[in-house]
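Peer 1: Right, I'll just put the structure down here and ask away after.
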Amino acid sequence: MLSFPTTLAPLPEIIDGLPNISGWETEVLSVVNHDQPVFLPTTNIRLEDVNAVFAIALHMHQPTIPAGNGGTLISNLQYMFEHPHEGDNHNADPFAYCYSRMGDLIPELVNQGCNPRVMLDYSGNLLWGLRQMGRGDVLDNLKRITCDRTYQPYVEWLGTMWGHAVIPSTPIADIKLHIVAWQHHFAAIFGWEALARVKGFSPPEMHLPNHPDALFEFVKALKECGYRWLLVQEHSVETLTGQSLTHKHLPHRLIARNSQGETISITALIKTQGSDTKLVAQMQPYYEAKTLSKQQIGGVFVPPIVSQIGDGENGGVMMNEFPSAFKQAWWDMVNNGGGKSGVVGVCGTEYLELIEAAGCKPEGYPTCQPVGQHQIWERVSPDNTQPQAVENA
């Protein structure tokens, strides 16, 4: 199990009616910057028994809007409940249930002998809004699968921005503030140990900056905030020579080079292209993984991974069809290999820890960069990188 600084006092969640998003930066960074394995000590998956794997993530968000009494800030979800006859606001109750239901589905499946996995990405605005509108029941249901050691090995939280700020249009100076604000608030709700386990990052809308300096600062901020990997969309990256990816079911090393010629890199899992919400709702990544077999990284054969993320509450398919499709897939796995062999579900950090324990090294992963960057580096010599030359290119 992770050991973390137990001397730290719990963080207050709300201060003067506002969410706790700053002031404990030293403590937050001391908790997240560790290299202890997160899933490896508890995982019940053995790589040698597995042909292919898949990982699904659910993205959840509700904005904060100035629509309370006298223009006070409230959650859009609260507004939906208070104005049920406007637009799609009749969906408020189903949405609230979607935010909570993993806290029911995971224990149910585990208690049936299944081996489920899910990754969760909730914006800071949503987490605060649920508390603000008195829906502590939803947060308590999520705490069960986040903090209870019976269920926690089946669930991975992904970090994200505090709000839904897409990174290419966020001022560079604000990127790290957003990342650390979310970490503050997550720790205040779920505790320091839960925060120490958050090692993957989900950028809002899967947006990846392709300006060299914005990308460099984004990756640098992620690493400074303790993140080991991020999810990127297949069509937002290219090989270093500008081609489409040929090994999209393997982890990649995302290379960021800035206009000063400095480089930094981070591991990326590739979200394959497609209508994501429908694909996740119908558990398509599981069925796609069934068509794959082991691939080689360096001298090691590893199961390939199909990674996919979709909105966890949006649209009829996700609201209505997902629970039964989710359960059906895990039941199917139990009937085909006991849920631990053949094709299985994983969390992203769990997969990376397993293949690295088997001898894979991140520097051996295929490389990628944001789409279109090869056009810059064709015009700017790596030996003579100047900010002005990069801007001109």
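The values are calculated or read from the model by the stated rules, or taken from the named source; none is laboratory data. It should be emphasised that the depicted structure is a prediction, and the values quoted were computed from it without experimental measurement. Methodologically, a virtual Cβ is constructed for each residue, glycine included, from the backbone with ideal geometry; neighbour enumeration extends over all protein chains shown. We work out accessible area using only protein heavy atoms, side chains counted, and drop any ligands, DNA or RNA first. Shrake-Rupley method; radii C 1.70, N 1.55, O 1.52, S 1.80 Å.
Peer 1: Using just the Cα positions, wrap the chain in a convex hull and report its mean projected area in square nanometres, one decimal place.
Peer 2: Reported value for the Cα convex hull: 19.9 nm².
Peer 1: Suppose all protein chains stay in the model; what accessible area per residue would a 1.4 Å probe give for the chain, in Å²?
Peer 2: 39
Peer 1: I would also like to ask the following. Please work out the C-alpha center-to-center distance from segment 207-229 to segment 17-74 and express it in whole Å.
Peer 2: 17
Peer 1: Nearest 5 is fine: what % of DSSP beta bridges in the chain come out antiparallel, could you say?
Peer 2: Of the beta bridges lying entirely in the chain, close to 35 percent run antiparallel.
Peer 1: So if I place +1 on the C-beta of Lys and Arg and -1 on the C-beta of Asp and Glu, and nothing else carries charge, what would the dipole magnitude of the chain be about its Cα centre? I want it in debye, nearest 20.
Peer 2: 820
Peer 1: Between Thr367 and Arg46, what is the label-to-label distance in nm when each label sits 7 Å out along the Cα-to-Cβ direction?
Peer 2: For the pair Thr367/Arg46, the computed spacing is 3.7 nm.
Peer 1: Please give the peptides 174-180, 34-40 ranked by average Cβ packing (other Cβ atoms within 10 Å per residue), highest first, as a rough proxy for protection.
Peer 2: Put in order of decreasing packing, that is 174-180, 34-40.
Peer 1: Shifting gears a bit: Using a Cα-Cα cut-off of under 12 Å, which aspartates and glutamates could be cross-linked to Lys340, ignoring same-chain neighbours fewer than 8 residues away?
Peer 2: Lys340 reaches Glu48, Asp49, Asp332.
Peer 1: Shifting gears a bit: Structure shown: which of Lys248/Lys327; Lys143/Lys248; Lys220/Lys248 lie over 31 Å apart, alpha-carbon to alpha-carbon?
Peer 2: As for pairs spanning more than 31 Å Cα to Cα, those are Lys143/Lys248.
Peer 1: Given Cα pairs under 8 Å that are at least 6 residues apart, what percent is the relative contact order of the chain?
Peer 2: The value is 24 percent.
Peer 1: Whenever you get a sec, compute what percent of the accessible area on the chain sits on carbon and sulfur atoms (1.4 Å probe).
Peer 2: 49
Peer 1: Using unit Cβ charges (K, R positive; D, E negative) and no other charged atoms, how large, in debye to the nearest 20, is the dipole of segment 1-113 about its Cα centre?
Peer 2: Dipole of segment 1-113, to the nearest 20 debye: 140 debye.
Peer 1: Restricting to segment 248-393, compute how many DSSP beta bridges are antiparallel as a %, nearest 5.
Peer 2: So the antiparallel bridges amount to about 75 percent of the total.
Peer 1: Among Leu177, Leu120, Ile106, which residue has its Cα positioned farthest towards the positive end of the charge dipole of segment 90-218, with +1 placed on the Cβ of Lys and Arg, -1 on the Cβ of Asp and Glu, and the dipole taken about the Cα centre?
Peer 2: The residue sitting farthest along the positive end of the dipole is Ile106.
Peer 1: With r as the distance between the Cβ atoms of Glu205 and Ser22 and R0 = 22 Å, compute the FRET efficiency 1/(1 + (r/R0)^6) and round to 0.05.
Peer 2: That gives a FRET efficiency of 0.35.
Peer 1: Once the mean 1/r over all distinct Cα pairs of segment 1-159 is inverted, what Kirkwood radius in angstroms do you read off?
Peer 2: It is 18.1 Å.
Peer 1: Taking the alpha-carbon distance from Lys278 and a cut-off under 12 Å, which aspartates and glutamates remain once sequence neighbours fewer than 8 residues away in the same chain are dropped?
Peer 2: Asp311, Glu313, Glu321
Peer 1: Starting at the first residue of segment 44-56, write each ³J(HN,Hα) from the Karplus equation 6.51 cos²θ - 1.76 cosθ + 1.60 with θ = phi - 60°, in whole Hz, x for Gly and Pro.
Peer 2: Values, residue by residue: 9, 9, 10, 4, 5, 8, 10, 8, 7, 9, 9, 9, 10 Hz.
Peer 1: What residues have an amide H closer than 5 Å to that of Val306, excluding those fewer than 5 places away on the same chain, when H is modeled at 1.01 Å from N in the peptide plane?
Peer 2: Answer set, sorted by chain and number: Val53, Phe54, Ala55.
Peer 1: Run the helix sum for the chain: -39,500 (n - 2.57) per DSSP H stretch of 4+ residues, divided by residue count, reported at 222 nm to the nearest 500 deg cm²/dmol.
Peer 2: Value at 222 nm, helices only, nearest 500: -10500 deg cm²/dmol.
Peer 1: Mind giving me the nanometre distance, one decimal, between the label points for His85 and Ala325, set 7 Å out from Cα along Cα→Cβ?
Peer 2: 3.5
Peer 1: Between Ala256, Ala281, Ala357, find the one with the highest GNM mean-square fluctuation for the chain; connect C-alpha pairs within less than 10 Å.
Peer 2: For the chain, modelled as a Gaussian network with Cα springs under 10 Å, the answer is Ala357.
Peer 1: While we're looking at this one, here's another question. So how far apart, in nm, are the two label points at Ala67 and Asp35 if each is 7 Å from Cα heading toward Cβ?
Peer 2: 4.8
Peer 1: Next up: Give me the three principal axis extents of segment 106-165 from the C-alpha atoms, as integers in angstrom, largest value leading.
Peer 2: Principal extents (largest minus smallest coordinate, Cα): 37, 24, 15 Å.
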